[in-house]
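Below is one structure; the comments refer to it alone.
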């Protein structure tokens, strides 16, 4: 779950909805690789990289230490890694190359963890990726690196839109994005280290440089869960009772 604290409530965005938003951004990208051998697989990976969160996000948990719902950043490691693996398995059932990218993505998140569960996850996923590589045959590591860079970029792009309050100045952005949106080195066609975002009003973000073909709009599903409702009903019930809402954001050049 992506959580934004508001005055007397929490704005909550499900991880899989963030993933589908990532795919919408990818659809508008104008710097597609010259030889997109796996474009459909890359799109599938981008869209479904967080599908393993579906069950966890339907029943959000309260973090007593933070006095807030657990977000994807602080969720307990063991159930989070279980969800990661379930998600990768769901992706692999449909598209093995997409699963290769998702496995690589999640392994990066825990590569510096010292716990046994993290080490087991890394080993299991390394074996999965090798098995997929063996089944795919001649796939160049450079091609995988470029496709994975697209997953990284559009994951971050969607997080930029979901984690920051529309209309806020750059100084109030989440620390992940205060330098801008980082562009992985393997991304083709965009010769900059960072894309600079700026809200010019709560419903419109401008980008410099603008890496898309034309301006477009995005719809972000979310729920606003009131603290009073959480206190009276518990987080799970309060979340289930909160109404579904949509935030529409326009993406424009500067």
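The values are calculated or read from the model by the stated rules, or taken from the named source; none is laboratory data. Worth saying up front: this structure is predicted, and the values here are computed from it rather than measured. Every residue, glycine among them, receives a Cβ derived from its backbone with ideal geometry; neighbour counts consider all protein chains shown.
Here are the numbers for this structure:
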item: Failed item, numbered, when residue 63 is tested on (1) under 22 Å from residue 11 (Cβ atoms); (2) modelled with pLDDT of 95 or more; (3) in contact with a helix residue (DSSP H, G or I) (Cβ under 8 Å, 6 or more places away or on another chain); result: (3)
item: Test result for residue 224, surrounded by fewer than 14 Cβ atoms within 10 Å (Cβ to Cβ), assigned to a strand (DSSP E or B) and in contact (Cβ under 8 Å) with a residue 24 or more places away in the chain; result: no
item: Within the range 88-98, tally of residues that are free of Cβ contacts under 8 Å to residues at least 24 places away in the same chain and in a helix (DSSP H, G or I); result: 1
item: Given (1) without any contact (Cβ under 8 Å) to a residue 60 or more places away in the chain; (2) surrounded by 14 or more Cβ atoms within 10 Å (Cβ to Cβ); (3) out of contact with any strand residue (DSSP E or B) (no Cβ under 7 Å at 6 or more places or on another chain), index of the condition residue 206 fails; result: (3)
item: Members of the range 99-118 that are part of a helix (DSSP H, G or I) and over 23 Å from the mean Cα position of the chain (by Cα); result: 116
item: Any chance residue 213 is loosely packed, with under 15 Cβ neighbours inside 10 Å and either without any contact (Cβ under 8 Å) to a residue 24 or more places away in the chain or over 22 Å from residue 73 (Cβ atoms) (or both); result: yes
item: Residue satisfying all of: in the range 227-250; in contact with a helix residue (DSSP H, G or I) (Cβ under 8 Å, 6 or more places away or on another chain) and outside any helix (DSSP H, G or I); nearest to residue 177 (Cα to Cα) among these; result: 249
item: Index of the failed condition, residue 121 passing every other in (1) surrounded by fewer than 19 Cβ atoms within 10 Å (Cβ to Cβ); (2) farther than 18 Å from residue 151 by Cα; (3) out of contact with any strand residue (DSSP E or B) (no Cβ under 7 Å at 6 or more places or on another chain); result: (1)
item: Residue in the range 156-177 that is in contact with a helix residue (DSSP H, G or I) (Cβ under 7 Å, 6 or more places away or on another chain) and loosely packed, with under 13 Cβ neighbours inside 10 Å present; result: no
item: Residue within the range 112-123 that is modelled with pLDDT of 95 or more, touching a helix residue (DSSP H, G or I) at 6+ places or on another chain (Cβ under 6 Å) and closer than 21 Å to residue 22 by Cβ present; result: no
item: Condition check for residue 48: modelled with pLDDT of 95 or more and farther than 30 Å from residue 191 by Cα; result: no
item: Residues located in the range 119-141, provided they are touching a residue at least 12 places away in the same chain (Cβ under 8 Å) and within 24 Å of the chain's Cα centre (by Cα); result: 121, 122, 124, 125, 126, 128, 129, 132
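Residue-by-condition table, conditions (1) modelled with pLDDT of 95 or more; (2) farther than 24 Å from residue 55 by Cα:
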position: 186; (1), (2): no, yes
position: 194; (1), (2): yes, yes
position: 203; (1), (2): no, yes
position: 215; (1), (2): yes, yes
position: 225; (1), (2): yes, no
position: 244; (1), (2): yes, no
position: 248; (1), (2): yes, yes
